[in-house]
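> Pasting a structure below so you can have a look.
The values are calculated or read from the model by the stated rules, or taken from the named source; none is laboratory data. Note that the structure is a prediction, hence the values are computed from the model and not measured. Positions of Cβ are backbone-derived with ideal geometry, glycine not excepted, and every protein chain shown enters the neighbour counts.
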Ligand SMILES: [Mn+2]
């Protein structure tokens with residue numbers, strides 16, 4: 001059987017956190033639609049009969065009905081494909097969910113929070129999803145495979161082998177899944193593709209489109225083909241196909257040798273950029289001037305730079321300065337004392353050093 005496995009599209013995500021630029025959210029929402037459209041076209045052109053959507057298809061909190069309509073119209077374009085959706089923690093099947101109130105295309109099967117089984121000629125699909133923003137007690141221990149001559153598949157949205165913090169997101173373990181004996185587990189929730197590292201049984205396709213600078217590298221879908229012979233031997237061919245045309249990249253920029261904001265802006269503007277990527281510039285090293293990000297953004301000429309993070313430290317050897325018998329030395333000693341007495345906080349101490357030394361130097 002051939003299938004496409006996707007997860008974590010997060011359609012209509014607000015993207016507030018993405019960038020200091022106001023319009024990037026709109027652009028990314030369009031990118032998400034385009035990626036989704038590409039995936040549907042792939043299914044159509046390659047005559048894929050099964051589509052697994054392992055949760056977080058959209059953002060419950062900001063989804064618009066027009067976007068649901070967009071999704072559903074695309075689903076209607078592939079009537080010969082059976083579509084299986086297991087709601088996740090961002091699109092749970094709560095009372096007012098579109099999963100409940102919308103009239104979805106006939107080829108769409110949306111799973112509730114109880115495990116359901118769908119049997120086809122070659123395989124059996126087990127699926128369940130979120131009916132609230134959290135789900136503590138996964139129901140997979142109820143699953144006993146009753147026909148292992150067929151290919152057994154689980155679709156769900158889950159934090160696999162997660163830490164305590166992740167325990168509220170349908171926590172299941174690799175051990176449990178292996179014990180049950182699934183031939184393929186189509187997961188969603190973790191936004192990073194895990195195809196390379198696994199034995200290709202338990203798979204996260206990653207988010208279809210990157211959600212920002214904590215999701216670097218390529219994003220897309222899994223195209224798979226699984227066969228099982230009469231002896232029960234399983235053969236898996238899984239391929240990752242990128243769908244997101246943009247890539248998020250982080251670049252370090254050292255301010256060690258720079259003395260003014262203009263120096264910094266020039267350096268940033270002269271770096272090499274690829275138009276198909278979004279950049280976060282991380283400022284590192286020791287600074288000798290005040291980095292005012294508001295002013296800096298105004299000096300940046302490149303549209304690909306959408307975020308700047310200041311991770312610099314003050315570029316002054318305070319211990320050396322303290323020893324100096326000069327006005328600067330005295331100044332450093334005084335404000336250092338203020339910090340040690342708790343009169344000023346460390347951040348303010350650094351600012352005071354910057355401004356103070358700056359004015360004493362000029
Ligand atoms: Mn997600």
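> Give the number of residues within the range 58-90 that are touching a helix residue (DSSP H, G or I) at 6+ places or on another chain (Cβ under 7 Å) and in a loop (DSSP other than H, G, I, E, B).
Of the residues in the range 58-90, 5 are touching a helix residue (DSSP H, G or I) at 6+ places or on another chain (Cβ under 7 Å) and in a loop (DSSP other than H, G, I, E, B).
> Another question about this same structure. Quick check: is even one residue across the range 226-244 within 16 Å of the ligand (Cβ to nearest atom), under 30 Å from residue 152 (Cβ atoms), over 9 Å from the mean Cα position of the chain (by Cα) and part of a loop (DSSP other than H, G, I, E, B)?
The first filter runs over the range 226-244 and keeps only residues within 16 Å of the ligand (Cβ to nearest atom), leaving 243-244.
This time we only want the ones that are under 30 Å from residue 152 (Cβ atoms), so: 243.
Narrowing further to those that are over 9 Å from the mean Cα position of the chain (by Cα): 243.
Imposing the further condition that a residue be part of a loop (DSSP other than H, G, I, E, B) reduces the set to 243.
Within the range 226-244, one or more residues are within 16 Å of the ligand (Cβ to nearest atom), under 30 Å from residue 152 (Cβ atoms), over 9 Å from the mean Cα position of the chain (by Cα) and part of a loop (DSSP other than H, G, I, E, B).
> All but one of (1) touching a helix residue (DSSP H, G or I) at 6+ places or on another chain (Cβ under 6 Å); (2) more than 15 Å from the ligand (Cβ to nearest atom) hold for residue 12; state the number of the condition that does not hold.
Answer for residue 12: the failing condition is (2).
> Restricting attention to the range 11-32, and to residues there that are within 30 Å of residue 184 (Cα to Cα) and in contact with a strand residue (DSSP E or B) (Cβ under 7 Å, 6 or more places away or on another chain), which single residue is surrounded by the fewest Cβ atoms within 10 Å (Cβ to Cβ)? Lay out the reasoning, then the answer.
Pass one, the range 11-32, residues within 30 Å of residue 184 (Cα to Cα): 11-13, 31-32.
Then keep just the ones that are in contact with a strand residue (DSSP E or B) (Cβ under 7 Å, 6 or more places away or on another chain); that gives 11-12, 32.
Working: 11: 24, 12: 21, 32: 24.
Per the stated criteria, the residue is 12.
> Consider the range 169-189. How many of its residues are more than 22 Å from residue 2 (Cα to Cα), within 16 Å of the ligand (Cβ to nearest atom) and in contact (Cβ under 8 Å) with a residue 40 or more places away in the chain?
The total comes to 3.
> Take the residues of the range 138-165 that are within 16 Å of the ligand (Cβ to nearest atom) and in contact with a strand residue (DSSP E or B) (Cβ under 9 Å, 6 or more places away or on another chain): which is nearest to residue 52 (Cα to Cα)? If you could, list the steps in order and put the result at the bottom.
Taking the range 138-165 first, the residues within 16 Å of the ligand (Cβ to nearest atom) are 155-160, 162, 165.
Okay, now just the ones that are also in contact with a strand residue (DSSP E or B) (Cβ under 9 Å, 6 or more places away or on another chain), so 155-160, 162.
Values: 155: 7, 156: 9, 157: 11, 158: 14, 159: 17, 160: 18, 162: 22 Å.
It comes out as 155.
Yes or no, residue by residue, for (1) over 30 Å from residue 215 (Cβ atoms); (2) surrounded by 14 or more Cβ atoms within 10 Å (Cβ to Cβ); (3) outside the structural domain of residue 28 (by TED's automatic domain parsing); (4) without any contact (Cβ under 8 Å) to a residue 60 or more places away in the chain:
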{"position": "276", "(1), (2), (3), (4)": "no, no, yes, yes"}
{"position": "279", "(1), (2), (3), (4)": "no, yes, yes, yes"}
{"position": "296", "(1), (2), (3), (4)": "no, yes, yes, yes"}
{"position": "305", "(1), (2), (3), (4)": "no, yes, yes, yes"}
{"position": "321", "(1), (2), (3), (4)": "yes, yes, yes, yes"}
{"position": "325", "(1), (2), (3), (4)": "yes, no, yes, yes"}
{"position": "333", "(1), (2), (3), (4)": "yes, yes, yes, yes"}
{"position": "339", "(1), (2), (3), (4)": "yes, yes, yes, yes"}
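> Just need a number here: residues in the range 307-319 that are under 30 Å from residue 27 (Cβ atoms) and either in contact (Cβ under 8 Å) with a residue 40 or more places away in the chain or surrounded by 12 or more Cβ atoms within 10 Å (Cβ to Cβ) (or both).
We begin by selecting, within the range 307-319, every residue under 30 Å from residue 27 (Cβ atoms); these are 307-312.
Imposing the further condition that a residue be either in contact (Cβ under 8 Å) with a residue 40 or more places away in the chain or surrounded by 12 or more Cβ atoms within 10 Å (Cβ to Cβ) (or both) reduces the set to 307-310, 312.
Residues in the range 307-319 being under 30 Å from residue 27 (Cβ atoms) and either in contact (Cβ under 8 Å) with a residue 40 or more places away in the chain or surrounded by 12 or more Cβ atoms within 10 Å (Cβ to Cβ) (or both): 5 in total.
> Out of 53, 101, I need the residue that is more than 16 Å from the ligand (Cβ to nearest atom), closer than 26 Å to residue 169 by Cβ and either at pLDDT 95 or above or surrounded by 15 or more Cβ atoms within 10 Å (Cβ to Cβ) (or both). Which one? If you could, list the steps in order and put the result at the bottom.
Details: 53 fails: more than 16 Å from the ligand (Cβ to nearest atom).
Just one listed residue meets the conditions, 101.
Residues are listed down the side, and each one gets a yes or a no for (1) closer than 25 Å to residue 132 by Cβ; (2) buried (at least 20 other Cβ atoms within 10 Å of the Cβ); (3) outside the structural domain of residue 6 (by TED's automatic domain parsing); (4) at pLDDT below 95:
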site	(1), (2), (3), (4)
171	yes, no, no, yes
186	yes, yes, no, no
201	no, no, no, yes
204	yes, yes, no, no
224	no, yes, no, no
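> Mind checking which residues of the range 249-278 are over 29 Å from residue 314 (Cβ atoms) and not in a loop (DSSP other than H, G, I, E, B)?
277, 278 - these are the residues of the range 249-278 that are over 29 Å from residue 314 (Cβ atoms) and not in a loop (DSSP other than H, G, I, E, B).
> Residue by residue through the range 120-159, note down the ones that are touching a helix residue (DSSP H, G or I) at 6+ places or on another chain (Cβ under 8 Å) and surrounded by fewer than 22 Cβ atoms within 10 Å (Cβ to Cβ).
134, 136, 140, 141, 143, 144, 145, 159
> Then there's this: Looking at the range 15-30, which of its residues are assigned to a helix (DSSP H, G or I) and more than 16 Å from the ligand (Cβ to nearest atom)? Write out each step before concluding.
Here is the first cut: in the range 15-30, the ones assigned to a helix (DSSP H, G or I) are 24-30.
Hits for the range 15-30 are 24, 25, 26, 27, 30.
> Here's a follow-up. State all residues of the range 121-137 that are within 24 Å of residue 226 (Cβ to Cβ) and out of contact with any strand residue (DSSP E or B) (no Cβ under 8 Å at 6 or more places or on another chain); if no residue qualifies, say none.
Scanning the range 121-137 gives a single hit, 121.
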